[in-house]
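The values are calculated or read from the model by the stated rules, or taken from the named source; none is laboratory data. Quick caveat, the model's predicted, so the values are computed rather than measured. When we count neighbours, we look across all protein chains shown, and the Cβ atoms used for this are built from the backbone with ideal geometry, even at glycine. The protein model used for the area step is the full one, side chains on, heavy atoms only, and it has no ligands, DNA or RNA in it. Shrake-Rupley method; radii C 1.70, N 1.55, O 1.52, S 1.80 Å.
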Amino acid sequence: MPASSRLRVLLAVLAGLVGSAAFDPVGLVLCGPLAVAGLALAVRGTRVRTALALGTLFGAAFQFALLWWMRAVGPEAWIALSLIETLYYALLGPVVMALQRVRGWPLWVAAAWVACEELRGTWPFGGFPWGRLAFGTADTPFSALLPWVGTAGTSLVLALLGTLLAAAVVALRAEGRALGRDRRRVARLVVPLGVLGAVVALAALRPYEVPTTGPVVPVAAVQGDVPGAGDDVVPVHREVTENHVRTTVELADRIAAGTSPTPAFVLWPENSTAVDPFTDRSTTAGIEEAVAAVGVPVVVGGMVDAPAEGQVLNQGIVWDDVTGPGDRYAKRHPVPFGEFIPFRNAGLASIVDDFDLIPRDMVAGTRDTPLEVAGIRVGNAICFDVAYDDGFRDQVRAGAQVLTVQTSNAMFIRTHQVDQQFEITRLRAIESGKYLVVAAINGQSAVVAPDGEVVSSIDRRTRGVVEAEVVLNDVVTPGLRLGPWIAAGVTAATALPLLGLVLAGLGGARLRRRTVDGGHDGAPAQAQAQAQAGGTTGPAGQTDQTGSAGARGTAGTTRETVG
């Protein structure tokens, strides 16, 4: 392998590893733009097959490192998910290579990166959006962009920062040009970089103003903990439910004693009941005991039997203290191969033994309106739902006043998945301009303010209650309104230049075929015949003999005649 090829391979792998460092546990936001720059430089000037290979190496380094926490499910799950995600970057490599031939390529390549993020988050089987550049911006000035341009827009700014950095490197390394010209090319990049810096600085210095005059209500989130090792709910699911009942009753005792305020509602986490609370009598009795004791609605996390055999619903159920169970939200984005098996009927489940641990397929919910809880419109998400744009966006646009996340995370309690998901959760609060309440079985339960600040929280792997006051508002941020349009825009901004390159390539190939068929060495037949006779074709199609006055003869004669 030539030294230049080895250098490209090394750059692609290092760029992928650097990209994973933009997220917890490292959490250096500028590693994201550096990864984009590294990929652009690695594939620049290569052929399609080479760019495909380099994109694959980049994606593998990025995703295998980022999703290291999936080993908690099993090494097969980690490898399978990482390989699937790698395929997107394998395809992105040739796209980035081709778009660098287009004028203003930093913008088009940045758009292609975000379009890839959008595709990963939607297809196939609902997608998996982990690792979007915007998800690494917590506690940085870049997070201030979220309420203005949403997740897609924030990723675009970070990707553009990376492509402009790559363009600067290209300008500095340009060969065969005078140094002064190279400096001018670099200087021209100062303007867009300055504009990006100004946009980020303006958003950070003048953050989106969230209304603070709305109703103020106390809320509570219960964290019941998981007995034993703490990472497997199923064998101890009844103890988990009992922990949440007992902790809620203890909260009721503090309310009665005047040491805790009466919350508007209480939030239980996902899997706080791992059996159907409508059919399991002991579970029903425990919930009703807790609800009666606290005297306010409890949003219960329950696994509910679906109407079809072999299916289940992961739901948040509003259990009212007067009317009993009512409004429900079902998880919109179940995890493929983790919560449902695609193509189960085709015999795929028989290939991997661990698929036997998933006897029923979780059905995706379709609700896009908030829950009604004690007269409050609550936008809900369950676990991985928080990483997808559509759930909170739809519910906030439908009138949600506060957001909640019900999650388990027990399986990942010893991994950095908990940190990465909580970071995404905080960023959703910023993007939506809403208070957000998180209830986890033993992970990260907290109340987050609209600026991302953690107002109240509880230690992991402990049993207790998170209590805080939240301000309700009806605001719909520009970021939530613009998000779908930005996503569509980056997709178009990727497809159109690529289409232009394809058409230009087809046109060039057609022209080459025409000229080759018509004469020798690419010259038209008429010109070849005239060349063999010792002449060339003049501007008016006249023959101008070699050694004569040349083109000046014909053109000069015309001028003399006219003059």
How much length is gained if the chain between Arg461 and Val26 is pulled fully straight, taking 0.36 nm per residue apart and subtracting their Cα-Cα distance, in nm to one decimal?
154.4 nm
Lys and Arg at +1, Asp and Glu at -1: neighbours of Val219 with Cβ under 10 Å from its Cβ sum to -2
What's the ranking of 365-377, 288-300 by average number of surrounding C-beta atoms within 10 Å, highest first?
288-300, 365-377
Taking square-rooted eigenvalues a ≥ b ≥ c of the alpha carbon gyration tensor, is the range 414-478 rounded, prolate or oblate, where a/c under 1.5 means rounded and, failing that, a/b exceeding b/c means prolate?
oblate
Write down the accessible area per residue of the range 401-485 in Å², having rolled a 1.4 Å probe over the full set of protein chains.
31 Å²
Express as a percent, rounded to the nearest 5, the fraction of DSSP beta bridges in the chain (both residues included) that run antiparallel.
65 percent
The range 272-294-the range 87-121 distance, computed between alpha-carbon centres (Å)
50 Å
Shape of the range 164-306 from its Cα gyration tensor (a ≥ b ≥ c, root eigenvalues): rounded if a/c is under 1.5, otherwise prolate when a/b > b/c, or oblate?
prolate
Just going by the charge dipole of the range 158-257, with Lys and Arg at +1 and Asp and Glu at -1 on Cβ, which of Leu172, Val234, Val195 is farthest out on the positive end?
Leu172
With every protein chain present, what is the per residue accessible area of the range 199-309 (1.4 Å probe, Å²)?
45 Å²
Which order do the peptides 452-464, 328-340, 378-390, 483-495 take when ranked by the mean count of other beta-carbon atoms within 10 Å per residue, highest first?
378-390, 328-340, 483-495, 452-464
The size of the Cβ-based charge dipole (Lys, Arg +1; Asp, Glu -1) of the range 77-233 about the Cα centre, to the nearest 20 debye, is 1360 debye
Given the rule -39500 (n - 2.57) for each run of at least 4 DSSP H residues, summed and divided by the residues of the chain, what is its mean residue ellipticity at 222 nm, to the nearest 500 deg cm²/dmol?
-16000 deg cm²/dmol
Toward the positive end of the charge dipole of the chain, about the Cα centre and with charges on Cβ (Lys, Arg +1; Asp, Glu -1), which of Val378, Leu7, Pro75 goes farthest?
Leu7
Rounded, prolate or oblate: which one fits the chain, using the alpha carbon gyration tensor with axes a ≥ b ≥ c (rounded when a/c is under 1.5, else prolate when a/b beats b/c, else oblate)?
prolate
At a 1.4 Å probe radius, carbon and sulfur cover how many percent of the accessible area of the chain?
60 percent
Please give the length that would be gained between Ala201 and Phe278 if that part of the chain were fully extended, namely 0.36 nm times their separation in residues minus their C-alpha to C-alpha distance (nm, one decimal).
22.5 nm
Any idea how far apart Ser4 and Arg397 come out in nm if each label point goes 7 Å out from Cα toward Cβ?
4.8 nm
Could you give the dipole magnitude of the chain about its Cα centre, charging the beta-carbon of Lys and Arg +1 and that of Asp and Glu -1, in debye to the nearest 20?
3780 debye
Rounded to the nearest 5, what % of the DSSP beta bridges within the range 191-323 are antiparallel ones?
60 percent
